[in-house]
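Data block below; observations after.
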Amino acid sequence: MIRIPREIIERIIAQAREELPNEACGLLTGEGNVVAELYPMRNVDASPEHFSFDPREQFAVLKSARQSGQRIIANFHSHPATPARPSGEDIRLAYDPELCYIILSLAEEQPVIKAFSIRDGRAEQVSIEVEG
Ligand SMILES: [Zn+2]
């Protein structure tokens, strides 16, 4: 289970819509399984089907999180036209089994957001508890 403030979910949806037709991405920091902050990131792939973080931007978030006693607990990216589940590539590129992988799909009329933990090439859904 991961807890995310409603306001952050709304900002993820807004960012994902803004970056259409490309995938949007970002990092979520906090403590334990409670998300406290959202860091919108640049998708250096600028693609509707892929995303990559800029390693320098990623490092800056890591530093800023540490300074406030937090860590990166999740990342997110959007799927502009496909369902909210990890693609083969998402699973292949998942580098951290401790991280929660959040996917927001804009394929339907209403945005769908789901979270996963990805370990040994398998994705398992994690429930999202919306706060506030
Ligand atoms: Zn994906």
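General remarks:
- Count of segment 29-43 residues which are part of a loop (DSSP other than H, G, I, E, B) and over 15 Å from S78 (Cβ atoms): 2
- Count - residues of segment 80-89 that are more than 10 Å from the ligand (Cβ to nearest atom) and under 22 Å from D120 (Cβ atoms): 0
- Unmet criterion (only one of (1) within 14 Å of the ligand (Cβ to nearest atom); (2) open to solvent by 50 Å² or more (accessible area, probe 1.4 Å)) for P40: (1)
- Scan of segment 111-127 for residues that are open to solvent by 80 Å² or more (accessible area, probe 1.4 Å) and in contact with a helix residue (DSSP H, G or I) (Cβ under 8 Å, 6 or more places away or on another chain), ordered by number: R122
- Residue within segment 95-105 that is open to solvent by less than 50 Å² (accessible area, probe 1.4 Å), away from the ligand (no atom under 11 Å from the Cβ), outside any strand (DSSP E or B) and in contact with a Pro (Cβ under 9 Å, 6 or more places away or on another chain) present: no
Residues are listed down the side, and each one gets a yes or a no for (1) buried (at least 16 other Cβ atoms within 10 Å of the Cβ); (2) within 13 Å of the ligand (Cβ to nearest atom):
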residue: I8; (1), (2): yes, no
residue: A14; (1), (2): no, no
residue: G32; (1), (2): no, no
residue: E49; (1), (2): no, yes
residue: S64; (1), (2): no, no
residue: N75; (1), (2): yes, yes
residue: S78; (1), (2): yes, yes
residue: I91; (1), (2): yes, yes
residue: E109; (1), (2): no, no
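The values are calculated or read from the model by the stated rules, or taken from the named source; none is laboratory data. Computed from a predicted structure; not experimentally measured. With ideal geometry, Cβ positions are generated from the backbone for all residues, glycine too; neighbour counts draw on all protein chains shown. Ligands, DNA and RNA are stripped out before the accessible areas are found, and what is left, the full protein with its side chains, is counted by its heavy atoms. Shrake-Rupley method; radii C 1.70, N 1.55, O 1.52, S 1.80 Å.
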